[in-house]
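Nothing in this text is a laboratory measurement; each read-out follows from the coordinates by a stated rule. Since the model is a prediction, treat every value here as computed from it, not as a measurement. Note that each Cβ is placed from the backbone with ideal geometry, even for glycine, and that neighbours are counted across all protein chains shown.
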There are 2 protein chains.
Amino acid sequence: MGFWKSLFIGSESASPVQANSGDAVLAEVTGQDGSGRIVFSTDREIDLYELEELCSAVGWARRPVRKVQKAIQHSFVVVTMWEEKGARRRLVGFSRATSDHAFNATIWDVVVHPDFQGQGLGKALMKQLIKKLRSEDISNVTLFADPQVVEFYRGLGFMPDPEGIKGMFWYPD
Amino acid sequence: MGFWKSLFIGSESASPVQANSGDAVLAEVTGQDGSGRIVFSTDREIDLYELEELCSAVGWARRPVRKVQKAIQHSFVVVTMWEEKGARRRLVGFSRATSDHAFNATIWDVVVHPDFQGQGLGKALMKQLIKKLRSEDISNVTLFADPQVVEFYRGLGFMPDPEGIKGMFWYPD
C-alpha cells in the first residue's frame with residue numbers, strides 16, 4: 001500500500017496499447033524500485049492455480065479447479081489484471097460475467113490482490129468489464145454485492161434495489 | 001380465475017409422464033367445459049411471436065424478436081408451460097436462467113398468462129426451473145424480484161438480501 005504510484009492512461013481518451021491478443025494496456029503502475037505495469041486482458045488462458053492463489057489471498061474458500069474452469073468457459077466475459085515486470089507476469093485481479101448475450105449480464109468473482117488494493121485498480125478492472133459488456137450491447141448489468149463493497153459499486157454507477165427490485169437467493173425449504 | 005380446477009401430481013413422489021423430448025407432464029388442469037392439461041417443457045423450440053403475445057398479456061414492453069431468440073439460445077435453462085386441449089397447445093408460461101454452468105444461475109423473464117394466475121402454476125413453473133438447475137449441480141440460484149413478487153419468491157424459499165448482500169444494477173455515470 002502506498003508503495004505503488006499509479007499513472008492511469010484515460011481509458012476514454014487514449015487509445016489503448018495492444019499487447020497480446022485480447023490484451024489492452026490501460027494503466028501504468030510504477031514501483032519505487034523500478035517500474036512495472038498493469039495490463040488488462042480478456043484472454044481466458046489463465047493458470048487456475050494462480051487464480052486460486054489470488055482468491056486465497058483475499059480469504060475466499062477453495063473451489064474445485066474443474067468447476068472454476070467450467071465457470072470461466074461458460075462466462076460471457078472474463079477480464080483479468082496482470083502486473084508485468086520485465087518478462088514476469090503476475091495475476092493480480094480477476095472478474096467475470098454471465099449473460100444471455102442479449103439483455104442481461106451478472107458480474108461474479110471480482111477480486112483484486114490485497115497488495116494492489118486502494119489504488120483505483122479495482123475500479124479500473126470493473127470499468128474494463130462494463131466497457132466490454134456495453135460493447136456487446138448488454139443494457140442490464142447486474143451484480144450481488146457483499147455489504148462492505150456496496151459503496152465501491154455505487155461509486156461505479158451501480159444502484160442497490162432500483163425501484164424496489166430485490167436481489168434474492170434460493171435456499172431449499 | 002377460478003374457472004380452472006387444478007389437480008397437481010406431486011413432482012417429488014409421482015414419476016412425471018414423458019411427453020415429447022424435453023417435456024414432462026407434471027400437472028393436470030381440468031376446465032369446467034371439459035378438460036385440458038398443463039405440460040412443462042425444457043424444449044427451446046418456441047414460437048417467438050406466441051412468446052411475445054404472452055409477455056404482452058402481462059404488460060411487458062415489446063422486445064426485438066432477434067434479441068429474444070439470442071437470449072433463449074444463450075440461456076442455460078428454459079422452462080415453458082403449455083395448456084394442452086386435444087391437439088391444441090397454447091403457451092401459458094415461460095421462465096429462463098443464465099448460468100456459468102458450475103456455481104451460479106440467475107432467473108429472468110418469469111411470466112404466467114393472467115388467465116392461468118392464482119392457481120399455483122407460477123409456483124409449479126418455478127419449481128421445475130429450480131429442480132432443473134439443481135440437477136445440473138448449480139448451488140447458487142439467484143434472481144432480481146420486482147417489489148410485488150418478492151413475497152411470491154419468498155414462499156418458494158428465496159431470501160431477499162441474505163447476509164446483507166445487495167442486488168445492484170448498473171447505470172451510466
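In terms of distances greater than 24 angstrom between alpha carbons, the cross-link table entries A:Lys70/B:Lys123; A:Lys166/B:Lys127; A:Lys70/A:Lys166; A:Lys132/B:Lys131; A:Lys70/B:Lys132; A:Lys67/B:Lys132 yield A:Lys70/B:Lys123; A:Lys70/A:Lys166; A:Lys132/B:Lys131.
Would you mind listing the distances between the B:Gly120 label point and the same position in each other copy? Use 7 Å along Cα-to-C-beta, nm, one decimal, shortest first. Taking the point 7 Å beyond Cα along Cα→Cβ, the inter-copy spacings are 5.9 nm. The same position A:His74 in the other copies lies at 1.6 nm from this copy, comparing label points 7 Å beyond Cα toward the beta-carbon, shortest first. Inter-copy label distances for A:Ser139: 3.6 nm (label point placed 7 Å from Cα along Cα→Cβ; shortest first).
Once the C-beta distance of A:Val58 and A:Ala87 is scaled by a Förster radius of 35 Å, the resulting FRET efficiency is 0.85 to the nearest 0.05. Distance from the axis that maps chain A onto chain B is least for the Cβ of the chain A residue given, with the whole Å value, as A:Gly167, 1.
Classify the stretch A:66-173 as rounded, prolate or oblate from the Cα gyration tensor: take a ≥ b ≥ c as the square roots of its eigenvalues, call it rounded if a/c is under 1.5, otherwise prolate when a/b beats b/c and oblate if not.
Since a/c reaches 1.5 and a/b is larger than b/c, the shape of the stretch A:66-173 is classed as prolate.
Annotation: amide H-H contacts under 5 Å for A:Val79 (H modelled 1.01 Å from N, sequence separation of 5 or more, or interchain): A:Ser95, A:Arg96.
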